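What follows is one structure encoded as structure tokens, with my remarks underneath.
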Amino acid sequence: MKARYIFSLMPLLATKVFAAENETFTRVSNDCTDGILSSHDWASGNGTLACGSFIELVSVEALPDETPDGALQERQACRPSRSTYYQHEVIRSGTWWGPWKKASGCLWCGLSKAQCDLQINWSYTVGRTLSAGFGVDSLATITKIISATPSLNLGFQWTESRTEGGAITCRANPGEPASYWAQYLMGWSDSQSRQVTEILNAQCGSRYSYGSWLGIGRADWPLKGNGAQNYGCSAGAAAEC
């Protein structure tokens, strides 16, 4: 008889609210996790992904049987076992605008009587950053969770690095410099991990124990998508040349 796996994962309540004028914020609830895990066929794959969590089956260990020959008796619907799972969870995410950064060198308009249209080449790169103590071994899983969960990715592509560049025309007054500037939308996420153990008895009843969460890791991500960037020319003193 196929064992039925039933989880009871407590919804995680955030204790800290991040707020700023240029920041949007979301908090994920795990209300649907129980239903998905209770019907998941672990024999067909080692992961289930929903509601901001990824749970993988790490190992299954047989426990001492109640019959000498190990055969299932009528009163035994399941073989006793101990299953170990590992849970990664993204508990909250949001967006914020990075600072304006100079993305080009400077070009100068000559001392003519008219304004100049200057052809400026530009390039700008921004990368992902991780807080001290972030579990790097969970990074691929955290990326997968965010990508698969609309309430976490907020409609953007969360990337390890973003590089943009090209050529642009900026206008400057006679005798003044011009430069090109870029600003990118960033995403932040808080995640944590823990071990979950299930003891399955001969009557197919499960008892669960939960390890401690291993601390919250913060990651900042460059985002891609509509409205995830601002660009502009600066001339004169604002060009910072």
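For the pair the range 193-241 and the range 102-141, the centres of their Cα atoms are 25 angstrom apart.
Would you please give the FRET efficiency between THR125 and TYR210, computed as 1/(1 + (r/R0)^6) with r the Cβ-Cβ distance and R0 = 25 Å, to the nearest 0.05?
Values: r = 41 Å, r/R0 = 1.64.
Computed FRET efficiency for THR125 and TYR210 comes out at 0.05.
Neighbour counting of Cβ atoms within 10 Å sorts the residues LEU154, LEU214, fewest neighbours leading, into LEU214, LEU154. Sorting ILE91, ILE146, ILE199 from the fewest to the most surrounding beta carbons within 10 angstrom yields ILE199, ILE91, ILE146.
We did not get these values from a lab; they are worked out from the coordinates using the rules stated. Quantities reported herein were computed from a predicted structural model and do not represent experimental measurements. All Cβ positions, glycine included, derive from the backbone under ideal geometry; neighbour counts span all protein chains shown.
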